[in-house]
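Peer 1: Dropping a structure here in C-alpha cells format, bear with me for questions.
The values are calculated or read from the model by the stated rules, or taken from the named source; none is laboratory data. Predicted model only: the values in this text are computed from it and were never measured. Backbone-built Cβ (ideal geometry, glycine too); neighbour counts: all protein chains shown.
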Amino acid sequence: MEHYSQRVRNSILPLSIGDTLPKAFEEWSVTENVVDHETPQETCELCGQESLRYHFEIRNSLNRNTIWVGSQCILRFGLSVFENGRVLSSEDAKKKISRIMDQLRQDACLRALERVAEAEDDSEILTIALNYFKKNKYLSPKQAFVVLWRLNKHRIDHSPSFFKIDLKHDRSKAQLREMELSRVRVLWPALSSSQREIAIRYGHTPPPA
Ligand SMILES: [Zn+2]
C-alpha cells in the first residue's frame, strides 16, 4: 500500500469501519451533491489537494459520514459512482464525472451570461436568447451569434459545444444562409461537422486555421 499517502490514511480511516484502505474505500460512494465554488479555493478532504473549484460529496454507506473531495480522487481510489441504483464501471464512472463537470461549467457559463445581460443596456436579444436556450436546449444561428460574441467579448470560460445550434428548422437554415461571413465565423466553433458542411454549401468559408 505504498502508493497511498499518509494524508489519505489519516483522512479516511478514522471515518470508516474497515481498518485497511481497500476495505475503507469499499464503504464510500459519490452522492448527488456537487458544488461549484466559482473560484479554485477549496481543498480535497481526502488527499489535501488544493485549489479545487468543484467539490464532490462522498458518503460512507455504513456510518453515513461524509466528506468533500475532488473529482480526481473519486477516480484514483475507485470510489463507487451509482446510476439508477447500480455501480458504474470505472470507465462509465469517468464519463459520468466528466458529464457532471461539463454541466457545472455550462451552468456557470449561463450565470456569467446572465450577469452580462443584467449589466448591459441593450441586452434584450441576449436575455431572450438565454431564456430560449434554457427552454429548448439549443439556439437559432442568430441567437448563437449574439451569445458567442458576448462570451468572447467578456472572456467568459466556455466550450463552444455548450451551445447547440438548430439547423433543422427552415427559419434557422435561412438565418445561416443569409448571415454575414464574419458572423458565421464567430459561430463556427459551435457548429457540428455536418453543420459546417451545410455552411460551406451556403457559400461560407471556414475561419483561417
Ligand atoms: Zn483528492
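Peer 1: Just to verify a result, which residue in region 42-59, among those that are more than 10 Å from the ligand (Cβ to nearest atom) and among the hydroxyl-bearing types (Ser, Thr, Tyr), is surrounded by the fewest Cβ atoms within 10 Å (Cβ to Cβ)?
Peer 2: Ranking the qualifying residues of region 42-59, first place goes to Ser51.
Peer 1: Has region 71-92 got at least one residue that is of a type in the set (Lys, Arg), within 28 Å of Phe163 (Cβ to Cβ) and within 21 Å of the chain's Cα centre (by Cα)? First the steps, then the outcome.
Peer 2: Initial filter on region 71-92 (of a type in the set (Lys, Arg)): 76, 86.
Still in the running and within 28 Å of Phe163 (Cβ to Cβ): none.
No; the residues of region 71-92 include none that is of a type in the set (Lys, Arg), within 28 Å of Phe163 (Cβ to Cβ) and within 21 Å of the chain's Cα centre (by Cα).
Peer 1: Among the candidates Leu130, Leu148, Leu110, which residue alone is farther than 23 Å from Arg185 by Cβ and in contact with a helix residue (DSSP H, G or I) (Cβ under 7 Å, 6 or more places away or on another chain)?
Peer 2: Numbers: Leu130 fails: farther than 23 Å from Arg185 by Cβ; Leu148 fails: farther than 23 Å from Arg185 by Cβ.
From the options Leu130, Leu148, Leu110, the qualifying one is Leu110.
Peer 1: Taking the residues in region 60-85 that are in a strand (DSSP E or B) and either surrounded by 17 or more Cβ atoms within 10 Å (Cβ to Cβ) or not assigned by TED's automatic domain parsing to the domain that holds Val35 (or both) as candidates, determine which candidate is nearest to the ligand (Cβ to nearest atom).
Peer 2: Val69
Peer 1: Would it be correct to say that Ile198 is closer than 24 Å to Gln106 by Cβ and either over 28 Å from the mean Cα position of the chain (by Cα) or hydrophobic (A, V, I, L, M, F, W, C) (or both)?
Peer 2: The answer is no for Ile198.
Peer 1: Does region 118-133 hold any residues that are in a helix (DSSP H, G or I) and crowded, with 18+ Cβ neighbours inside 10 Å, and which are they?
Peer 2: Leu126, Ala129, Leu130, Phe133
Peer 1: Another question, if that's okay. Pick from region 86-98 the residues that are of a type in the set (D, E, K, R) and surrounded by 15 or more Cβ atoms within 10 Å (Cβ to Cβ): which of them is farthest from the ligand (Cβ to nearest atom)?
Peer 2: In this case the residue turns out to be Lys96.
Peer 1: Out of everything in region 33-71 that is out of contact with any strand residue (DSSP E or B) (no Cβ under 8 Å at 6 or more places or on another chain) and touching a residue at least 24 places away in the same chain (Cβ under 8 Å), what residue ends up being nearest to Met101 (Cα to Cα)?
Peer 2: Glu38
Peer 1: Inspect all residues belonging to region 21-41 and state whether any of them is within 10 Å of the ligand (Cβ to nearest atom) and either surrounded by fewer than 18 Cβ atoms within 10 Å (Cβ to Cβ) or at pLDDT 95 or above (or both).
Peer 2: no
Peer 1: While we're looking at this one, here's another question. Pick out the one residue from Thr20, Thr43, Thr39 that is among the β-branched types (Val, Ile, Thr) and touching an Asp or Glu at 6+ places or on another chain (Cβ under 7 Å).
Peer 2: After ruling out the rest, the residue left standing is Thr43.
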